[in-house]
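A.B. asks: Here's a structure for you.
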């Protein structure tokens, strides 16, 4: 059966290739590229899309084909890198693979990788930072309490392992005050100001958060309240570039 299926696939590819030779169009090129993708030939699919876009630069079908082919090329390379990770792998390699997995938005694979990473290199905070960012993006998009809990847990671990690293502490401080945990957010923002005393934006952010009311209760209940209302409790500081970059900025 596999031989017959391979023969059918080969015959379909030959027919589509002949069709493209007779008449190039966004439709014929897109069909050929999709057939290459179905056959696992992602490089060929990308070349078809690139060649097609030179002829039809505004074709949305070919643009989608190119994006899909490149994403699959990237995924294949990342999976090969993940498979090659061993106990002797360096932190730099783990960071490279984790960053690529993060860009693919493959949260399940990132979680597995970070668990492996934390066992082999328990003192490296980078995996917790990346995993926290992934959960945080999901939380800001959907405002689900479970994603918020995971984001806070991972970012807290990253801060504990690298207290002088600014980005994970800032992400943690921001999400805490946005959900109403203002009292817990203030020490993190104050620590950031101490790490970067010349950063006027951080100073303004700390001053702003100091004016907000703390809603009390534990983090889980605060996150569940955000999920129930479908809105964050406090808005971002006006003009805060970091806060403006979050996926969802709804506030009560």
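A.B. asks: For segment 199-226, give me each residue that is in a helix (DSSP H, G or I) and in contact with a helix residue (DSSP H, G or I) (Cβ under 8 Å, 6 or more places away or on another chain). It would help to see each step written out before you state the result.
C.D. replies: First, the residues of segment 199-226 that are in a helix (DSSP H, G or I): 200-210, 219-226.
201, 202, 203, 205, 206, 209, 210, 219, 220, 223, 224, 226 - these are the residues of segment 199-226 that are in a helix (DSSP H, G or I) and in contact with a helix residue (DSSP H, G or I) (Cβ under 8 Å, 6 or more places away or on another chain).
A.B. asks: Residue check: is residue 148 modelled with pLDDT of 80 or more and either within 30 Å of residue 233 (Cα to Cα) or not in a helix (DSSP H, G or I) (or both)? Quick ask: steps written out before the conclusion?
C.D. replies: On the way: modelled with pLDDT of 80 or more: yes; either within 30 Å of residue 233 (Cα to Cα) or not in a helix (DSSP H, G or I) (or both): yes.
Answer is yes for this residue.
A.B. asks: Specify which of the listed residues (118, 63, 30) is part of a helix (DSSP H, G or I), more than 17 Å from the chain's Cα centre (by Cα) and in the same structural domain as residue 149 (by TED's automatic domain parsing). So that I can check it myself, show each step before the final result.
C.D. replies: On the way: 63 fails: in the same structural domain as residue 149 (by TED's automatic domain parsing); 30 fails: in the same structural domain as residue 149 (by TED's automatic domain parsing).
Criteria check complete, one pass: 118.
A.B. asks: Just one of (1) modelled with pLDDT of 85 or more; (2) closer than 30 Å to residue 114 by Cα; (3) surrounded by 16 or more Cβ atoms within 10 Å (Cβ to Cβ) trips up residue 61, so point out which.
C.D. replies: Checking residue 61 against (1) modelled with pLDDT of 85 or more; (2) closer than 30 Å to residue 114 by Cα; (3) surrounded by 16 or more Cβ atoms within 10 Å (Cβ to Cβ), the one that fails is (2).
A.B. asks: What number of residues in segment 150-190 are over 19 Å from the mean Cα position of the chain (by Cα) and either farther than 18 Å from residue 125 by Cα or in contact (Cβ under 8 Å) with a residue 60 or more places away in the chain (or both)?
C.D. replies: Summing the residues that are over 19 Å from the mean Cα position of the chain (by Cα) and either farther than 18 Å from residue 125 by Cα or in contact (Cβ under 8 Å) with a residue 60 or more places away in the chain (or both) in segment 150-190 gives 14.
The values are calculated or read from the model by the stated rules, or taken from the named source; none is laboratory data. Treat the numbers as computed from the prediction; the structure is a model and nothing was measured. Ideal geometry is used to build each Cβ from the backbone, glycine not excepted, and the neighbour counts take in all protein chains shown.
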